[in-house]
1. Identify which of Asp45, Asp58, Asp12 has the largest mean-square fluctuation in a Gaussian network model of the chain, with springs joining Cα atoms closer than 10 Å.
2. Counting Lys and Arg as +1 and Asp and Glu as -1, each charge on the Cβ, what is the dipole of the chain about the Cα centre in debye, to the nearest 20?
3. Over the chain, with a Gaussian network built from C-alpha contacts below 10 Å, which listed residue (Gly61, Gly52, Gly23) shows the highest mean-square fluctuation?
4. How many percent of the accessible area of the chain is carbon or sulfur, using a 1.4 Å probe?
5. In terms of the Cα gyration tensor, with a ≥ b ≥ c the square roots of its eigenvalues, is the chain rounded because a/c is under 1.5, prolate because a/b exceeds b/c, or oblate?
6. With every protein chain present, what is the per residue accessible area of the chain (1.4 Å probe, Å²)?
7. Between Asp57 and residues 5 or more places away or on another chain, which pairs have amide H atoms under 5 Å apart, with H built 1.01 Å from N, and which residues are they?
Amino acid sequence: MIRLWADFDNSDEDGRINLNCVGSLASIGALASPLRPGTRVLLSDDQVEVEGVIEFDDAHGVWVAIPDWSTIENP
C-alpha cells in the first residue's frame, strides 16, 4: 500500500485530509507512478497511521484523502 505523509489537522469541511502540505507533496513526488482516484493509501504523520482512499478535488486542484478512522494505529 502506498504510504503518504499527512497533516491530519489540514482537513476540509467534509473531513477529507488535504494532501497539499510540504510533506504530502514530497511523498507524492517520490512515487514511481502517478496517483489515481480511488487508490487506497496509508496516511501517516509519524505518530498516527490510518488507511484512506484518495481523490482529486477539481475545485481546489489538490489531492485529498478520505480517512477510514476505524483503521487508526500508532506505529
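The values are calculated or read from the model by the stated rules, or taken from the named source; none is laboratory data. Fair warning: this is a prediction, and the values are worked out from it, not measured in the lab. Here the Cβ positions follow ideal geometry from the backbone for every residue, glycine too, while neighbour counts run over all protein chains shown. What goes into the accessible areas is simple: the full protein's heavy atoms, side chains included, and nothing from ligands, DNA or RNA. Shrake-Rupley method; radii C 1.70, N 1.55, O 1.52, S 1.80 Å.
1. It is Asp58.
2. 380 debye
3. The residue with the greatest mean-square fluctuation here is Gly61.
4. Values: 2260 of 4530 Å².
Carbon with sulfur: 50 percent of the solvent-accessible area.
5. Judged from the Cα gyration tensor, the chain comes out rounded (a/c under 1.5).
6. Heavy-atom accessible area per residue stands at 60 Å².
7. Placed amide hydrogens put Val62, Trp63, Val64 under 5 Å from Asp57.
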